[in-house]
Amino acid sequence: MIDLSQFKGTGVALITPFRADGSVDFSALEKLINFQVKSGTNYLVALGTTSEAATLSIDEKQAIVDFIIEVNNKRLPLVVGCGSNNTRELIDIVRKLEKPGVNGVLSVAPYYNKPNQEGLYQHFKSLANATALPIILYNVPGRTSVNINAETTIKLAKDQKNIVAIKEASGNFEQAMNLVKNKPNGFLVLSGDDATALPLIALGFDGVISVVANAFPSEFSKLVQLSLNGDFEQARVLHYRLIDIIHTLFEEGNPAGVKAYLHCKNMIEDSLRLPLVPVSANLMAKIKDKNSRF
């Protein structure tokens, strides 16, 4: 029986800290994991978009997952991101993740190929049949150029018992409402956008996989929990306190913004891998000011 409660609330899409020479900074990653554990985050998400996974080698990805498993030591549930526009390759990747300490996988819609809805259905059906791990679908058409529509998601949720949730980042509130209204009992709908987490939870979402929680885990987790408890008056206070910070996170792209905030907190070096670059001097000045006054 899959414990769905482990994927409710706030999941943090962990960044990958890099040193100035471009190597993975495992010491900073350990610091970040412990920061999340003590600050109220509900679960960790490794190798998502925010991790710059597209620039990590297979060996680096494996080393990062193994390191997180060791440091986390089952204190929080761990979800590992994996995606491919080659279904056979994706199945091979996921089978390698079936190890103690991994509680589920987050799998993005196939990108570039632009499959139709039947192709999306068959892709995720093949994945679900190849693993016993719980699967969270990831719908982010702004990056993949394909939308997993509500009907396809609901069909997958009904037909495949280990497809347990979706991270919905389409920005389409009508689609979001259709998901909540028509999903089977127990299937979770999670926000993929920090700025709209509160209104989406008000519509019936079950939490969020967050970027801002890397740098502000306590405050954002509290916002999400207050919203889930129906205390929207107090949640709004935190929402409006965080909203300008959230906007700066994405002003020049993710994860450059959140890495700048973590750098201001002396947790990481301000390093990204090309083709991504650190934020501009103007935005860094704005981020330093907001961080100092938060």
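General observations
- Restricting the stretch 209-246 to residues that are among the aliphatic types (A, V, I, L, M) and not in a helix (DSSP H, G or I), the residue that is nearest to Val108 (Cα to Cα): Ile209
The rows are residues; the columns are (1) among the charged types (D, E, K, R); (2) under 20 Å from Val94 (Cβ atoms).
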position	(1), (2)
Leu4	no, yes
Leu14	no, yes
Arg19	yes, no
Leu29	no, no
Leu32	no, no
Gln36	no, no
Asn42	no, no
Ala46	no, yes
Thr55	no, no
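- Among (1) in contact with a Pro (Cβ under 6 Å, 6 or more places away or on another chain); (2) in a helix (DSSP H, G or I) - the single one Val164 does not satisfy: (2)
- Qualifying residues in the stretch 247-291 (those that are charged (D, E, K, R) and either assigned to a helix (DSSP H, G or I) or over 21 Å from the mean Cα position of the chain (by Cα) (or both)) - the one surrounded by the most Cβ atoms within 10 Å (Cβ to Cβ): Lys259
- Meets criteria (out of contact with any Gly (no Cβ under 7 Å at 6 or more places or on another chain), modelled with pLDDT of 95 or more, of a type outside the set (Val, Ile, Thr) and over 26 Å from Glu219 (Cα atoms)) for Ala20: yes
- Residues of the stretch 87-131 classified as under 20 Å from Asp66 (Cβ atoms), of a type outside the set (Val, Ile, Thr) and part of a loop (DSSP other than H, G, I, E, B), total: 6
- Listed by first and then second residue, the pairs linking a residue in the stretch 84-111 that is more than 17 Å from Ser51 (Cβ to Cβ) to a residue that is among the aromatic types (Phe, Trp, Tyr), with Cβ atoms under 7 Å apart and 6 or more places separating them unless they lie on different chains, are Asn85/Tyr111; Asn85/Tyr112; Ala109/Tyr138.
- Odd one out for Ile148 among (1) in a helix (DSSP H, G or I); (2) within 15 Å of Ala128 (Cβ to Cβ): (1)
- In the stretch 167-208, residue farthest from Leu137 (Cα to Cα) [restricted to those that are in a loop (DSSP other than H, G, I, E, B) and hydroxyl-bearing (Ser, Thr, Tyr)]: Thr196
- All of Val237, Val224 fail the test of being surrounded by fewer than 17 Cβ atoms within 10 Å (Cβ to Cβ) and modelled with pLDDT of 95 or more, apart from Val237.
- If the condition is being in contact with a strand residue (DSSP E or B) (Cβ under 8 Å, 6 or more places away or on another chain) and part of a loop (DSSP other than H, G, I, E, B), then the stretch 57-86 contributes Leu76, Pro77, Cys82, Gly83.
- In the stretch 178-194, the residues that are at negative phi form Cβ pairs under 7 Å with partners that are basic (Lys, Arg) and surrounded by fewer than 16 Cβ atoms within 10 Å (Cβ to Cβ), at six or more places apart or across chains, as follows: Pro184/Lys158.
- Within the stretch 250-261, residues that are in contact (Cβ under 8 Å) with a residue 12 or more places away in the chain have Cβ atoms under 9 Å from residues that are aromatic (Phe, Trp, Tyr) and part of a loop (DSSP other than H, G, I, E, B) in these pairs: Tyr261/Phe216, counting only partners at least 6 apart in sequence or on another chain.
- Just one residue in the set Leu90, Leu97, Leu127, Leu47 is at pLDDT below 95, surrounded by 15 or more Cβ atoms within 10 Å (Cβ to Cβ) and touching a strand residue (DSSP E or B) at 6+ places or on another chain (Cβ under 8 Å); that residue is Leu97.
- Matching residues, the stretch 15-46, being assigned to a helix (DSSP H, G or I), of a type in the set (A, V, I, L, M) and over 18 Å from the mean Cα position of the chain (by Cα): Ala28
- Any chance Ile163 is β-branched (Val, Ile, Thr) and over 15 Å from the mean Cα position of the chain (by Cα): yes
- If you check Val65, Val71, Val102, Val80 for being over 24 Å from Ser271 (Cα atoms), modelled with pLDDT of 95 or more and crowded, with 16+ Cβ neighbours inside 10 Å, only one passes: Val102.
- Taken as a whole, the structure places Ala165 among residues that are of a type in the set (A, V, I, L, M), surrounded by 22 or more Cβ atoms within 10 Å (Cβ to Cβ) and under 28 Å from Leu249 (Cβ atoms).
The values are calculated or read from the model by the stated rules, or taken from the named source; none is laboratory data. Treat the numbers as computed from the prediction; the structure is a model and nothing was measured. FYI the Cβ positions are ideal-geometry reconstructions off the backbone, even for glycines, and counts take in every protein chain you see.
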